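The values are calculated or read from the model by the stated rules, or taken from the named source; none is laboratory data. It should be emphasised that the depicted structure is a prediction, and the values quoted were computed from it without experimental measurement. All Cβ positions, glycine included, derive from the backbone under ideal geometry; neighbour counts span all protein chains shown. Only protein heavy atoms, including side chains, enter the accessible area calculation; ligands, DNA and RNA are left aside. Shrake-Rupley method; radii C 1.70, N 1.55, O 1.52, S 1.80 Å.
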2 protein chains.
Amino acid sequence: MRYIRTERADSVVDSTPADNKTIIVITPTKQRPERLADLTMLAQTLKQVGNLYWVVVEDADKTADLVSDLLARTGINHTYLATTNHGLPCRGWAQRNLALDYLRQNKDKFNEKDVIYFADDDNGYDLRLFDQYIRKVDVMGVWAVGIPGNALVEAPKVENGKVVGWHSAYLPDREFATDMAGFALNFGLVVSTNASWSLKCAGNFPEQCFLKQLNLSRSDLEPFGWESDKKPILVWHRQTAPAPDQPFDLMGYMAEYRLPQDEICKKFQQIHLMTYEQAEAIAKEYGPVESESKNEVKS
Amino acid sequence: MRYIRTERADSVVDSTPADNKTIIVITPTKQRPERLADLTMLAQTLKQVGNLYWVVVEDADKTADLVSDLLARTGINHTYLATTNHGLPCRGWAQRNLALDYLRQNKDKFNEKDVIYFADDDNGYDLRLFDQYIRKVDVMGVWAVGIPGNALVEAPKVENGKVVGWHSAYLPDREFATDMAGFALNFGLVVSTNASWSLKCAGNFPEQCFLKQLNLSRSDLEPFGWESDKKPILVWHRQTAPAPDQPFDLMGYMAEYRLPQDEICKKFQQIHLMTYEQAEAIAKEYGPVESESKNEVKS
């Protein structure tokens, strides 16, 4: 089941000049005690970025009023959707897929020179990321990400202005060894394909699996922020520590409990080490099979 | 050793009208991989608050260039100081004390109706907190805090508009069972006392120990945000999960390693359960005794 709600979509500028592209930010989000803190801080950053459209996708079968209200208060042009995981790994895969489906079905509302960026709700973003990097992307921009899991920084390896590899603590020989926060993509390129995250991404990293479907090669990549001796980091893959979640009276305060984790989420945590057949077997055992999720997006 | 650096202090408005008080935000901060992410997001929120003065205090013997540069970029009026812990618990006690010393020594630059708020760098802050709550404080304002350690929300207990106690998961019978993020104080009141955190706060909670030195009673408290059925939460006591801190080449990127934790920090973690004598013995064994820290603040 997919549920969709669109707000303020009518205010999208559909004749953006090339030098003032719209930045389309895609953010999966999930109910948890820390979520409103994270989303509030992110919204208060994004509202300072000009010409930005925010697609927020709830990990649930319906949207949450607390989030709708938060988004409305920011004044940011946005669409707020919801979908469950559909037998996919619980890392925002189904949510990002739905956002992309929405953009493909509404591509006339955007300009093909616009730029898509995947921004999780608990990361940290420097405002300069948006205008100095993302908005300048023509095909695919890449840059350093702070604290991406294994190291203090991961970054594209650049020689003579060209990306020749990756500085990464884990498997640096991947073709696209970038964190989800470390790249942005041309809108026209993305919506001209059906690229998505599916069980066929088993045995692979989500970033690499998605990017390979866009038929990109390293020579297409535009590196940012590598030139100077003191290289800035403009985005950090931060995580918010889980709050203790003891039963406690909310006393009328607008807070969110933690949702119990689906069994399939635990099983899929190592999908980058699985074969497609192993992933398919888990999906069949624990959730709806992926083909059931191919509903149309409805406005 | 205390080191102080003042920036843009000359631009403080010293004739603030009572209805447009300056909000003085005090933030202790410490080098760690996640710090720049947290401080960037906080700075990008605070720059949207009108008439705000930010006192940031580094937990170190000198200030950090990365933080100076960040503060300068925001355009926020601020002072950036540094101090080590001086044999006190490593929870920002010495840093907040130094900020208060600075304000007392520079009280002519502020208006006595201004308001002081202690804001840690990894919390989440809704912009409404500043203008709807903090700036309206006359003596001491109190409000709900999300995810404050043991529960999803802690809040003042209000009857007929008066604070009569606290909704708190842990020791709700304390006189001031509020989180550091849950109150703001009149500037004139604070600078007319020598209230601070010292080893005499052993056996007590830092908030309660400090507030008792201001000779406040519950009838002085002004509660905010308790009136409606759907009570908003405008600040969350969020924590950023520590990044793995393996040795890794920074490749010229501006990132920060985690500083090793002092032995005294571990020993003082349970100071709220110690006697003064126990705390004094630890301070003598592991660090400079507190009396050595009574240096003057120098501009």
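The listed residues are B:GLN95, B:GLN132, and the only one of them that is open to solvent by 10 Å² or more (accessible area, probe 1.4 Å), under 22 Å from B:VAL235 (Cβ atoms) and assigned to a helix (DSSP H, G or I) turns out to be B:GLN132.
The listed residues are A:ASP69, A:ASP59, A:ASP101, A:ASP65, and the only one of them that is charged (D, E, K, R), closer than 23 Å to A:CYS209 by Cβ and free of Cβ contacts under 8 Å to residues at least 60 places away in the same chain turns out to be A:ASP59. Anything in segment A:79-118 that is of a type in the set (A, V, I, L, M, F, W, C) and in contact with a strand residue (DSSP E or B) (Cβ under 6 Å, 6 or more places away or on another chain)? List them, or say none. The answer is A:LEU81, A:ALA82, A:ALA94, A:LEU98, A:ALA99, A:VAL115, A:ILE116, A:PHE118. The set of residues in segment A:207-266 being within 10 Å of another protein chain (Cβ to nearest Cβ), outside any loop (DSSP other than H, G, I, E, B) and farther than 30 Å from B:TRP236 by Cα consists of A:LYS231 alone.
Taken together, B:PRO242, B:PRO232 contain a single residue that is on the phi < 0 side of the Ramachandran plot and modelled with pLDDT under 90, which is B:PRO242. You will find that of B:THR6, B:THR45, B:THR63, B:THR22, the residue that is over 25 Å from B:GLU207 (Cα atoms) and modelled with pLDDT of 95 or more is B:THR63 and no other. Among all residues of segment A:268-277, there is none that is modelled with pLDDT under 85, part of a helix (DSSP H, G or I) and in contact with a Lys or Arg (Cβ under 8 Å, 6 or more places away or on another chain). The set of residues from segment B:34-78 being assigned to a loop (DSSP other than H, G, I, E, B) and either open to solvent by less than 10 Å² (accessible area, probe 1.4 Å) or more than 9 Å from chain A (Cβ to nearest Cβ) (or both) comprises B:GLU34, B:VAL49, B:GLY50, B:ASN51, B:ALA60, B:ASP61, B:LYS62, B:THR63, B:ALA64, B:GLY75, B:ILE76. Taking the criterion of being open to solvent by 20 Å² or more (accessible area, probe 1.4 Å), within 13 Å of chain B (Cβ to nearest Cβ) and charged (D, E, K, R), would at least one residue in segment A:274-290 satisfy it? Taking every residue of segment A:274-290 in turn, none turns out to be open to solvent by 20 Å² or more (accessible area, probe 1.4 Å), within 13 Å of chain B (Cβ to nearest Cβ) and charged (D, E, K, R). Taking the criterion of being crowded, with 16+ Cβ neighbours inside 10 Å, touching a Gly at 6+ places or on another chain (Cβ under 9 Å), in a strand (DSSP E or B) and modelled with pLDDT of 95 or more, would at least one residue in segment A:168-183 satisfy it? Yes, because at least one residue in segment A:168-183 is crowded, with 16+ Cβ neighbours inside 10 Å, touching a Gly at 6+ places or on another chain (Cβ under 9 Å), in a strand (DSSP E or B) and modelled with pLDDT of 95 or more.
Return the residue satisfying two criteria in turn: it lies in segment A:257-273 and is loosely packed, with under 15 Cβ neighbours inside 10 Å, more than 21 Å from the chain's Cα centre (by Cα) and without any contact (Cβ under 8 Å) to a residue 60 or more places away in the chain, and of such residues it is nearest to A:CYS90 (Cα to Cα). Of everything passing the filter in segment A:257-273, A:GLU263 is nearest to A:CYS90 (Cα to Cα).
Against the criterion of being touching a residue at least 12 places away in the same chain (Cβ under 8 Å), surrounded by 15 or more Cβ atoms within 10 Å (Cβ to Cβ) and not hydrophobic (A, V, I, L, M, F, W, C), A:ASP138 does not qualify. Each residue in segment A:146-157 was checked for being within 10 Å of chain B (Cβ to nearest Cβ) and either at positive phi or part of a strand (DSSP E or B) (or both), and 7 pass.
Can B:ASN123 be described as within 13 Å of chain A (Cβ to nearest Cβ) and open to solvent by 20 Å² or more (accessible area, probe 1.4 Å)?
no
Scanning segment A:75-85 for residues that are at positive phi and under 17 Å from the mean Cα position of the chain (by Cα) yields no hits at all.
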